[in-house]
Each structure stands twice: as C-alpha cells, then as structure tokens.
1. For ILE91, are the conditions met, namely being at pLDDT 95 or above, in a loop (DSSP other than H, G, I, E, B) and buried (at least 19 other Cβ atoms within 10 Å of the Cβ)?
2. Please go through region 290-321 and pick out each residue that is of a type in the set (Ser, Thr, Tyr), more than 17 Å from ALA248 (Cα to Cα) and in contact (Cβ under 8 Å) with a residue 24 or more places away in the chain.
3. Test of understanding: among ASP5, ASP49, which residue is of a type in the set (Asp, Glu) and modelled with pLDDT under 95?
4. Out of VAL41, VAL97, VAL12, report the one residue that is touching a helix residue (DSSP H, G or I) at 6+ places or on another chain (Cβ under 6 Å), open to solvent by less than 60 Å² (accessible area, probe 1.4 Å) and part of a loop (DSSP other than H, G, I, E, B).
5. Yes or no: region 284-300 includes at least one residue that is of a type outside the set (A, V, I, L, M), more than 29 Å from ALA52 (Cα to Cα) and in contact with a Cys (Cβ under 9 Å, 6 or more places away or on another chain).
6. Being modelled with pLDDT of 80 or more and either within 18 Å of PRO264 (Cα to Cα) or surrounded by fewer than 16 Cβ atoms within 10 Å (Cβ to Cβ) (or both) is the filter here, so list the residues in region 19-35 that pass it.
7. Do you know which residues across region 309-330 are small (Gly, Ala, Ser), assigned to a helix (DSSP H, G or I) and open to solvent by 50 Å² or more (accessible area, probe 1.4 Å)?
8. Please find, within region 261-281, the residue that is surrounded by the most Cβ atoms within 10 Å (Cβ to Cβ) out of those that are of a type outside the set (A, V, I, L, M, F, W, C), at pLDDT below 95 and assigned to a loop (DSSP other than H, G, I, E, B).
Amino acid sequence: MNDLDLSLPIEVEIMLTWECPNKCIFCEPNLVRFAKAAPFVLDFPVLRDLIAQINKSRIPTIFLSGGEPFARPDIPDIIRICEELGQGYLISTCGVVSSDLLLDCIRAGLNQIQFSIQGLSESHSAITKTDRSHWEQIIANLILCLERGLVVSVAVVPNKYNYKDIVPLSEMCGRLGVPHFRVLRLMPYSEGIMELLVHPRMIQEIRERLEEVCQKFGMTLDMSQSPGATNQSAPDGDLIHPWFGICAAGKKKFAVRPDGNAVPCYSFHDEQFVAGNILSDSIEDIWNHPLMKAFRTLSPDHYVGYCSGCSLKTHCYSCRAIAYNICGSIYASDPTCLRNEPFWSSTGSRHEQGPLL
C-alpha cells in the first residue's frame, strides 16, 4: 500500500478547545481528563498561521471541532480567516451558543453547520447532563441558522438511552426543514463506555424507518454502520482508492488537539500517538512522521483476531482507535463489530432503554 500513499492529508481536524457546556456521558470524562492534563489552548495568531499553512498545502477541508468550537469568543475571526483564504471547512456545535455570537459567525461568512443533538428534550438533557433551557436554546439556534439560509446538518450518536428517539428526532428535523440528518457511531474509549452501546441490529432495524422519514421530508441520510453490518461489495475499478471505506486515521487525515499536539485521530489518547506539535512542526513534518507513515502502511491484511479472516475487511470501517483503546493494539479486531458474536451475546440487555442515573 506504500505506492498509494498520499503526499498530504485531505482533511485536518482542529480541536479548538477542551471546553464544552455539555457533559455527555460518552465524551465528557475524557475531555475533562485532557483539559486537566493539557490546559494550554492555541491562541488565535497560531491558529491563523495553521489555517494559512493548511490552505497553502491545498488540503481541501478543515474540520473545526472541540470541545465546543463556539466556546471560543474568537470563533468569528477563525471563520473569517477560512473565508478570506477560500479554505474549505466544516464546523460542529452542540448548539449551546449565544445568538449574537452565532450571528457574528454568519456575518463572518459561516454558511454551513452541524448540530449535535442527542435525542428529544428529555433524552438529550439526560445524556448531556443539561437542563431543558439548553434544549430550547439549541432548537432556537437551529431555526435561526435555517432562516439565515445556512446548510444545516443534525447528528446524533445512538446509545442505549436514546436510540428510541432517533426516528422521532428525524421527524422533528424534517418538519423544521433540516436538509441533512446523520447517525454517527458511538466511539468507546474505555470498557465503561462500551456499556452504552446499542446492538448494531437495533440500529439496522430503524434504518428503514429513517429512510422513509428522510424521503418524506427531502432530507439526506448519512448513517454510519457498525463494522460487519455493511452489505456492500468491495469497491471495484481503477478510480476507487483501495483505502476507500476503511479507517482513515493517519491515512487520509489527522487531528490537532487544543494544545497543538497532532495525532492520527482525535480518538487516540495515549501520548505515544503524538506525531509532533504544530507549534514546532510543519504540516509536512507531521504527515511524514514515522508514526503517520506507520498508519499508512497499516492495511486490513495486518489485522488479527476475527477481523483477519473476514471477507468484508477491505471495505469495512473497522476503527483502529477503538481496537487500541479497548483491546490494546491498532492491529486488533474492532470489538464493536456486528460479527463479534461473543461480545454481543453476553450483552444482550444493552439494547434495552432504561433510566439514566
């Protein structure tokens, strides 16, 4: 796979801050741990130079994430820099942001945005550990963006406390005029987070209903699948890169943490996965770091365990970060795979929605 190496990534994720008004049960403990370990956050001049360097390198997309990107008061300036340079970017928000700041960003050129909403009011508030006023603010900001003509996406992360809300949430979005609805994967970074997983078959069962809702309202549906749940054939043809569909960490993208450290994917938390720091290293230096090169030589043929003999492995998004965080090796099988029957048969109760304590 060395001959297929990319000279530069096609996306760089910039985590703008550790701060977030939400305390999501599947995310918040990790953000708190990192914020305490590395409270330093890149200032605007450094971010400005980083965006300019990405733009000069002709990297198509920057993904602005966090924490919560709108927790930074200089977010309008960050958006303005992207607009002035003609740099492609995406931004994801929990939606808990002042309308004045949101309007400043729109005036700076913001024209598309993703809202992360974890169910209807009750479920969302329980999962994010916030009160109903946050939910009302999110919906008000969602409507504001739609009225201002922004391209809006709504994303939800299924877990055992909200999966029954996903179809009703899509219906609400459809009625509001949201054009894009996304169902993302829960990314466990510890055994404890594994307890929140919903059986992939439960997600498959609601897909047909979601497709009906999206067709009714003219929404697009972007639905991530558990490894092993794909029914697609391997991509064929000279125009399809063999990396299409498999884990992109270090192959097509990398992430920059708020302290400047670069990692193949934000889900790699151990310091051994740091491939430099943008305060001292260029984009090219980071991309050509031995660690990043190792990820680009990693192929599904190197997987061990049940993934190694799977007929789907060449076009299955078997997450290398989950493999490492849960199993201790980037070569391990993804334990969240639908085909990991021992895991799912021992945890059948996970798809039963219960009270969130």
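The values are calculated or read from the model by the stated rules, or taken from the named source; none is laboratory data. On a predicted model such as this, the values are computed, not experimentally measured, just so you know. With ideal geometry, Cβ positions are generated from the backbone for all residues, glycine too; neighbour counts draw on all protein chains shown. Surface accessibility is based on the protein's heavy atoms, side chains included, excluding ligands, DNA and RNA. Shrake-Rupley method; radii C 1.70, N 1.55, O 1.52, S 1.80 Å.
1. Values: at pLDDT 95 or above: yes; in a loop (DSSP other than H, G, I, E, B): no; buried (at least 19 other Cβ atoms within 10 Å of the Cβ): yes.
Judged against the criteria, ILE91 is not a match.
2. As a first pass, look at region 290-321 and keep what is of a type in the set (Ser, Thr, Tyr): 297, 299, 303, 306, 308, 311, 314, 317-318.
When the remaining residues are screened for being more than 17 Å from ALA248 (Cα to Cα), the result is 306, 308, 311.
TYR306, SER308 - these are the residues of region 290-321 that are of a type in the set (Ser, Thr, Tyr), more than 17 Å from ALA248 (Cα to Cα) and in contact (Cβ under 8 Å) with a residue 24 or more places away in the chain.
3. Details: ASP49 fails: modelled with pLDDT under 95.
The match here is ASP5.
4. Values: VAL41 fails: touching a helix residue (DSSP H, G or I) at 6+ places or on another chain (Cβ under 6 Å); VAL12 fails: part of a loop (DSSP other than H, G, I, E, B).
Result: VAL97 is the single residue among VAL41, VAL97, VAL12 that is touching a helix residue (DSSP H, G or I) at 6+ places or on another chain (Cβ under 6 Å), open to solvent by less than 60 Å² (accessible area, probe 1.4 Å) and part of a loop (DSSP other than H, G, I, E, B).
5. Looking through region 284-300, at least one residue is of a type outside the set (A, V, I, L, M), more than 29 Å from ALA52 (Cα to Cα) and in contact with a Cys (Cβ under 9 Å, 6 or more places away or on another chain).
6. Residue satisfying the conditions is LYS23 alone.
7. We begin by selecting, within region 309-330, every residue small (Gly, Ala, Ser); these are 309, 311, 318, 321, 323, 328-329.
Add one more test, that the residue is assigned to a helix (DSSP H, G or I), and what stays is 309, 321, 323.
Scanning region 309-330 gives a single hit, GLY309.
8. TYR266
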